[in-house]
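These notes are about the structure you will find just below.
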């Protein structure tokens, strides 16, 4: 986030480097969480592994056993010991309180749909606030290279695209609240009241839910235990540099998995792509299929799924099974990247009258059931295309039922949702 006053990117300053530095052990869940957050936030940092008592004494004056790692040295010279991503964000000046008591529009989720909505809403004069519980970019921020997005013939990293959109939204006057997310929603008359995860109350005349999806889990034993200790979710943008000379595994057959394979295979000795289906072309864009098949260090394990994660303190190997032959396999690997889609983040709506489908996706416009509208829709007009079963509450992007899971469609839906917000506000607040 290059416009932040507390951070100077040494690649742009032209002067003395004031890069953020991080120290920690290689197999550390906390260190991975920090690397992942900083990478997706487009923060330049230097990572130093501390694996000996000698190195640890030089850094902390303590042994590896006694030292509290990871450690983050901030550009301003201060040191954080075992910080969380939220604490680093706060010390960099990114965590702020709302500037207003009420807003014309609140947007939840700073992925492509939410960022697009913020840009269009702010540029058109609405008082808008954008809330994000983690890093800007959503799942797109994990992508090592988006090659089929309009206007970028050479491709662009997901985090870089998100950072450009963030800067654009801020320039137009949108307010961004990081490390904030809604835990409960309530609709009172013409006001939408959300309780945030820090206890703050957010009031707006309209809202757009663009919270996207959370990575789907494998559903095997020890998955949570090994998270960050060899098991990772997403395309591995922060971890590719640490895979040099290693054998790694990518699980999934969609575009995110394909991008992960290409990104990791440039560093790793070998990459095994574990896919449930019998053919990549059914779920993967053709340009990715051809590139993957041309990588000599990539092996395809089709009709396969992961059954077990093995290792003591960290991942050491992965057990698989072939669904056609029943043959079981054992793949040695210290890193496994899971890219098998996601589940919508809509728990906040469970106590509201917003309709969700059986998977938790928000139902909008013509997809709303007649029975639900009969019981909950209070207006004479029909819901707008991206409007939920609560007037003035909209959904855009991956969180919406029947949405197209692409960056471009998310951006389009974000812009379209703002057009409907204007129509709603003109009906009720002019």
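The values are calculated or read from the model by the stated rules, or taken from the named source; none is laboratory data. These numbers come from a predicted model, not from an experiment. FYI the Cβ positions are ideal-geometry reconstructions off the backbone, even for glycines, and counts take in every protein chain you see.
The listed residues are 155, 125, and the only one of them that is under 14 Å from residue 263 (Cβ atoms) and free of Cβ contacts under 8 Å to residues at least 60 places away in the same chain turns out to be 155. If you take the residues of the stretch 222-249 that are over 18 Å from the mean Cα position of the chain (by Cα) and not in a loop (DSSP other than H, G, I, E, B), which of them is nearest to residue 284 (Cα to Cα)? Within the stretch 222-249, the match that is nearest to residue 284 (Cα to Cα) is 249. Can we say residue 105 is more than 15 Å from residue 425 (Cα to Cα) and not in a loop (DSSP other than H, G, I, E, B)? Taking the combined requirement at face value, the residue does not satisfy it.
The residues on offer are 274, 289, and the sole one that is buried (at least 24 other Cβ atoms within 10 Å of the Cβ) and either in contact with a helix residue (DSSP H, G or I) (Cβ under 7 Å, 6 or more places away or on another chain) or within 21 Å of residue 329 (Cα to Cα) (or both) is 274.
Of all residues in the stretch 117-141, those being in contact with a helix residue (DSSP H, G or I) (Cβ under 9 Å, 6 or more places away or on another chain) and either over 22 Å from residue 200 (Cα atoms) or part of a helix (DSSP H, G or I) (or both) number 13. The number of residues in the stretch 202-216 being out of contact with any helix residue (DSSP H, G or I) (no Cβ under 7 Å at 6 or more places or on another chain) and assigned to a strand (DSSP E or B) comes to 6. Only one of the numbered conditions (1) in contact with a strand residue (DSSP E or B) (Cβ under 6 Å, 6 or more places away or on another chain); (2) without any contact (Cβ under 8 Å) to a residue 24 or more places away in the chain is not met by residue 290, and that is (1). Within the stretch 392-400, identify whether any single residue is modelled with pLDDT of 95 or more and surrounded by fewer than 19 Cβ atoms within 10 Å (Cβ to Cβ), and answer yes or no. No, the conditions are met nowhere in the stretch 392-400.
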